[in-house]
Amino acid sequence: MEEKNNDDSQKLDTDYIPKLGIEFGSEQEAYDFYNECGRNSGFSIRKEWCNKRKNGVVTSRKFTCCKEGNKAPWERNGENKYERAKTRAGCNAHMIIWFDKKKGKYFIHSLELNHNHILHIPQCAHMMPSQRKVSKAQAMEIDLAYDSCIKFKDSYEFMARQVGGRDALCYTLQDQKNYHYSKRQKEQKCGEAGSLFKYFQKQRKENPSFYYAVQLDASKLITNIFWADAQMIVDYKLFGDVVSFDTIYRTNKEYRPLAMFVGFNHHRESMIFGAAVLYDETIDTFQWLFKAFFEAMSGKKPNTIFTDQDPAMIKAISLVMPNTYHRLCKWHLMQNALKGVNHLLQGEDEFKSDLDACFKIWEEEEEFLSAWDAILHKYNAFDNSWLQSAFEVKEKWAKAYVKMSFSARMTTTQLSESINSDLNDYLQSDYDIVKFFINFERLLDAKHYKELKGEYNLRQKLPKVKIASPMLIQAAHIYTPKLFLKFQEQYEEFQGAFVKERVERNASHEYIVSIYGKPKDRQFERGGILCSHALKILDVMDIKVLLEKYILKRWTKDAKNEIVQDFNGRDIKSDTKLEVTTQYKFLGPMYVKPIARASECEEAYKLALGSYNELSKKIDDILRKKI
């Protein structure tokens with residue numbers, strides 16, 4: 001084809017019509033130009049041959065129509081059952097660029113504009129291979145949708161609507177799937193262990209207070225994994241006086257147990273203090289896990305820990321935390337009862353209520369022992385192995401023995417069921433290690449958000465004070481809403497209390513308080529708020545406000561107003577990305593509004609586009625200087 005230089009063609013043609021002599025600052029700029037020509041005309045392009053100098057500089061490059069050439073003979077022998085459809089037609093359309101050493105620029109040296117095939121219609125331009133590309137911003141949106149467990153089809157349709165249609169999205173649903181599968185392959189290229197360490201290193205880079213520990217076997221293979229993020233460490237420091245430890249959930253197809261340390265915050269909502277994926281459930285494994293947990297928590301041990309009846313777990317607790325009161329979870333006990341005494345639970349309606357009374361009603365040891373003996377005689381259950389084993393550890397579950405241990409009035413049945421329900425909502429047994437952590441983070445985010453809702457409600461909704469007394473008004477200002485309601489219940493009950501007996505000895509005073517139909521509750525010893533009996537005594541002593549020693553900080557609105565240090569003695573910043581997130585949330589809505597308005601008018605659209613390019617360049621310059 002005839003080559004001729006044209007002075008007007010030395011600049012990039014804004015209409016994307018290729019002409020001989022047009023100059024480009026780089027090879028990529030030339031590619032983008034020819035690709036846009038193809039978009040406008042209806043053909044896809046690809047890179048053909050190139051020549052390079054020894055220093056790697058490309059001296060010439062050929063870009064062709066994607067239908068250039070023909071299918072190789074071995075590709076069209078017809079033996080392949082799933083043979084691909086023919087796409088090449090021997091098209092000779094191309095653009096060749098050469099490098100001008102003097103100018104330091106590339107220019108169009110050779111052109112062929114004619115095609116030997118039908119060109120695509122404009123509506124299908126976005127489907128052509130060279131037009132389909134997932135940008136960095138789009139990749140972030142795809143990752144976000146995947147991490148939120150949104151199906152590919154749904155997220156693709158949503159993102160297409162955001163930009164005005166699928167043709168404006170510049171990639172297809174299959175491209176989205178390919179991007180995701182390719183990313184997963186890269187993540188898993190270093191194996192499960194490599195992916196795990198990569199995840200932990202990323203977390204620690206984002207927040208140095210992130211803690212993890214890995215136990216290896218004799219063959220240097222990973223057996224047990226424990227981790228706790230900065231927020232977990234803060235939460236345990238503030239609310240780790242009572243912990244429930246559970247291994248009932250199974251994480252994957254190998255059914256490896258997921259162990260979790262769980263507790264209550266000041267809103268009485270469940271929270272996770274730490275988690276582990278275990279290889280087995282032996283004494284040695286639990287010892288290693290408990291030691292790793294306490295190392296992450298700077299050595300702090302709970303006052304009380306709830307677990308199931310697992311013998312290995314019980315032994316490890318006695319070795320690692322001998323001063324912690326070990327209680328058995330009622331929920332787990334009743335689950336085991338379904339196996340051990342199921343015939344009694346199914347056949348005798350009274351058996352469950354009699355057994356339940358041993359858990360919740362009998363406060364004195366003599367009462368409990370008498371009631372237990374009555375159960376054995378009534379149901380002829382002297383030889384039942386489950387009842388025998390439960391009686392051997394009665395000090396860990398019967399009210400007569402645990403009544404003085406602090407439990408934050410933890411309803412272990414509710415807590416265990418709540419946590420396992422949450423896990424079933426976010427985790428599945430077929431998840432690989434990467435997806436497991438992604439979805440476990442979603443669970444943590446949901447729990448943190450639930451706590452934020454509690455913080456909002458205690459500032460937004462004023463508690464209803466039923467009696468205008470100084471003590472109730474004071475409690476309404478101090479306690480979180482749920483705890484205030486519990487305190488107010490006790491305050492209302494004390495109105496019907498009376499002093500049954502009073503003994504004064506020098507400076508000490510003893511009172512026996514009674515409320516008709518209500519036994520002693522020991523709310524303060526077990527739950528951290530004064531019971532109606534204690535409130536009656538304060539009233540008799542003419543004390544009209546709560547004394548500071550009777551206010552447990554873990555139940556107050558100010559429970560989290562404390563600086564917590566991590567295992568290295570550093571002040572913990574639970575959200576190191578908070579500043580970036582806050583700025584993003586502020587700028588995002590601010591820019592969306594003018595962009596939405598600009599899209600309604602061609603002139604305004606061009607103004608916004610020009611402003612974006614200028615602003616983007618300035619931002620890149622600023623960030624480049626900070627690197």
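Any read-out appearing in this document is the output of simple, stated calculations on the displayed coordinates, not a laboratory observation. The model shown is predicted, which means the values in this text are computed figures rather than measured ones. When we count neighbours, we look across all protein chains shown, and the Cβ atoms used for this are built from the backbone with ideal geometry, even at glycine.
The mean sequence distance of close C-alpha pairs (under 8 Å, at least 6 residues apart), as a share of the length of the stretch 470-555, puts its relative contact order at 32 percent.
In this simple spin-label approximation, residue 339 and residue 409 carry label points 7 Å from Cα along the Cα→Cβ vector, and these lie 3.3 nm apart. Using the Cβ-Cβ distance between residue 622 and residue 152 with R0 set to 41 Å, the FRET efficiency from 1/(1 + (r/R0)^6) comes to roughly 0.70.
For the set 205/301; 237/560; 403/518; 360/394, the pairs lying more than 18 angstrom apart at their alpha carbons are 205/301. Each residue of the stretch 421-428 was assigned a 3J(HN,Hα) from its phi angle through the Karplus expression (A = 6.51, B = -1.76, C = 1.60, θ = phi - 60°), giving 5, 4, 4, 5, 6, 10, 10, 10 Hz with x at Gly and Pro.
In degrees between 0 and 90, to the nearest 10, how far off the longest principal axis of the chain does helix 230-239 point, with axes built from Cα atoms? Value to nearest ten degrees: 10. The Cα atoms of the stretch 136-187 give a gyration tensor whose axes a ≥ b ≥ c have a/c of 1.5 or more with a/b greater than b/c, which makes the shape prolate.
Taking the longest Cα principal axis of the chain as reference, the axis of helix 191-206 is set at about 80 degrees.
Which shape class applies to the chain: rounded if a/c is under 1.5, otherwise prolate when a/b exceeds b/c and oblate if not, where a ≥ b ≥ c are the square roots of the Cα gyration tensor eigenvalues?
It is prolate, given that a/c is not under 1.5 and a/b is the larger ratio.
Over all other residues within a Cβ to Cβ distance under 9 Å of residue 368, the charged ones net out to -3, with Lys and Arg as +1 and Asp and Glu as -1. Greater than 19 Å separation of Cα atoms is the criterion. Which listed pairs, 464/557; 300/450; 315/396; 19/105; 133/183; 466/544, meet it? As for pairs spanning more than 19 Å Cα to Cα, those are 300/450. Across the stretch 357-371, rounded Karplus estimates of 3J(HN,Hα) from the backbone phi angles (6.51 cos²θ - 1.76 cosθ + 1.60, θ = phi - 60°) give 4, 5, 6, 10, 9, 5, 8, 9, 4, 4, 5, 5, 4, 5, 5 Hz, Gly and Pro being marked x.
Between residue 602 and residue 489, the FRET efficiency estimated from the beta carbon spacing at R0 = 60 angstrom works out to 0.35. In this structure, the amide hydrogen of residue 92, modeled 1.01 Å from its nitrogen in the peptide plane, lies closer than 5 angstrom to those of 116, counting only residues at least 5 positions away or on a different chain. Relative to the dominant Cα principal axis of the chain, helix 136-147 is inclined by about 30°. The string of couplings for the stretch 554-560 from the Karplus curve (6.51, -1.76, 1.60, θ = phi - 60°) is 4, 9, 9, 5, 9, 4, 9 Hz, one whole number per residue in order, with x for Gly and Pro.
For the stretch 13-56, the convex hull spanned by the alpha carbon atoms encloses 92 Å³ per residue. Is the shape of the stretch 470-555 best called rounded, prolate or oblate, per the rule: a/c under 1.5 gives rounded, else a/b larger than b/c gives prolate, else oblate, with a ≥ b ≥ c the square roots of the Cα gyration tensor eigenvalues? Prolate, because a/c is 1.5 or more and a/b exceeds b/c. Per-residue packing, averaged as other Cβ atoms within 10 Å, sorts the ranges 323-331, 353-361, 526-534 into the order 526-534, 323-331, 353-361, beginning with the highest. Label-to-label distance for residue 544 and residue 101 is 10.0 nm, based on points extended 7 Å past Cα in the beta-carbon direction. Rg and Dmax, both from the Cα atoms of the stretch 286-328 and both in Å, are 9.8, 28. Modelled this way, with points 7 Å down the Cα-to-C-beta line, the labels at residue 319 and residue 448 are 3.5 nm from one another. In terms of surrounding Cβ atoms within a 10 Å radius of their Cβ, 142, 375 rank from fewest to most as 375, 142.
FRET efficiency for the pair residue 609 and residue 127, taken as 1/(1 + (r/R0)^6) with r the Cβ-Cβ distance and R0 = 30 Å, rounds to 0.75.
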